[in-house]
Amino acid sequence: MVIEEALVTALQHERRVRDRFTELANRAAAPDARAFFDLMAREEQGHVDYLEAKLREWRTTGDVVGDELATAVPRGDWLQKGAKALAGAPPPGDHGSPLDHLTEALRLEEEVSAFYRELAGTVDQPRAAALFRRFLEIEDGHTALVRAQIDHETRTGNFFDVREFTLDG
């Protein structure tokens, strides 16, 4: 895939995910659930800003440099606090449960990770491939965050895919 097409397509994905996380934040009844989805939306907005800058760079210079892309992955104590808040009963009305929202977030993050995995292998310039590999690392991190929230919500005994307890003792 050529770089400009890759950047434009990546922007479309990031905007769609950002918009959905913003919507989920606005619909969340629990403050901590709202904070989680706000964080995810801000993270995706950072990706949009970065990709827009890279697209401008490409169109101006004919090259793209994979500058460091920061992430807003939260501290562990914030995750634990958010997971406790999400464990409450779903709010009344047609808002969906926290687990429904997290399941959708997981689907979105897995979809975007798959997109970047493919893009990193097909883009026609090595520096652009490195840029998209960094996006893949971050999106895989987002996926892990959402899975941790789901694990806590469903009380599987796992947190970040690590078994914390079993019912067998």
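Computed quantities for the displayed model
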read-out: Theoretical FRET efficiency, 1/(1+(r/R0)^6), r = Cβ-Cβ of ARG127 and LEU99, R0 35 Å, to 0.05; value: 0.30
read-out: Label point distance in nm, ASP49-LEU69, each placed 7 Å from Cα along Cα→Cβ; value: 1.5
read-out: VAL8, VAL112, ranked by accessible area, largest first (probe 1.4 Å); value: VAL8, VAL112
read-out: The range 95-139 - accessible surface per residue (Å², probe 1.4 Å); value: 44
read-out: Cα centroid of the range 5-56 to Cα centroid of the range 110-129, whole Å; value: 18
read-out: Added length on full extension, which subtracts the Cα-Cα distance from 0.36 nm per residue, ASP19 to GLU57; value: 11.2 nm
read-out: Accessible heavy-atom area order of TYR50, TYR116, highest first, probe of 1.4 Å; value: TYR50, TYR116
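The values are calculated or read from the model by the stated rules, or taken from the named source; none is laboratory data. Small disclaimer: the values here were computed from a predicted structure and weren't measured. Backbone-built Cβ (ideal geometry, glycine too); neighbour counts: all protein chains shown. Just the protein is used for accessible areas: all its heavy atoms, side chains included, with ligands, DNA and RNA removed. Shrake-Rupley method; radii C 1.70, N 1.55, O 1.52, S 1.80 Å.
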